[in-house]
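Read the figures in this text as sums done on the coordinates, not as results from a lab. Since this is a predicted model, take the numbers as computed values, not measurements. We place every Cβ from the backbone using ideal geometry, glycine too, and count neighbours over all the protein chains shown.
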C-alpha cells in the first residue's frame, strides 16, 4: 500500500509539473499529501522507539530523508503552481514539521 501511495504521489507530481493544475484533482492531491504525512510520521515514531535495535528502524532512517525531501518538493510545487491551495499544503504539513 505504501508503495502505491508514493507511486501515485510521484505520478501526481509529474503531472502537476508537466501539465499544470488542469491535470490533477485538488482533492486527490490533498489525500496524497495526507498519506505522505501519515507515513512520514509513522516512520519517524518507529525510528524514535527502536533506535538502533530494529532492522526496519535502520532501513527507515536511510529512506525517510528521501521521502521528506520529495514531499517538500511537491509541497513547494503546489504552492508555486496552485497559490489558491496554500491551505492544502499547510494543513497537511504543519503538524509534521513543527
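Could you tell me how many degrees, from 0 to 90 and to the nearest 10, lie between the Cα long axis of helix 86-97 and the main elongation axis, the longest principal axis, of the Cα atoms of the chain?
Here the helix axis deviates by roughly 10 degrees.
Using Cα pairs closer than 8 Å and at least 6 residues apart in sequence, work out the relative contact order for the chain, in percent.
Worked out over the chain, it gives 31 percent.
Given points 7 Å out from each Cα along the Cα-Cβ axis, report the residue 17 to residue 5 separation in nanometres with one decimal.
The modelled label-to-label distance comes out at 2.2 nm.
Divide by every residue of the chain the summed helix terms, -39500 (n - 2.57) for each DSSP H run of at least 4, and state the resulting mean residue ellipticity at 222 nm, rounded to the nearest 500 deg cm²/dmol.
Taken over the chain, the calculation gives -28500 deg cm²/dmol.
Helix 2-19: angle to the longest alpha-carbon principal axis of the chain, degrees 0 to 90, nearest 10?
Once rounded, the angle reads 30 degrees.
Report the gain in length on full extension from residue 77 to residue 56: 0.36 nm times residue separation, minus Cα-Cα distance, nm rounded to one decimal.
4.5 nm
Does anyone have the angle between helix 26-49 and the longest principal axis of the chain? Alpha-carbon axes, 0 to 90°, nearest 10?
Approximately 10 degrees, to the nearest 10.
What's the whole-number percent of alpha carbon pairs in the chain lying beyond 16 angstrom?
For the chain, the share of Cα pairs beyond 16 Å comes to 55 percent.
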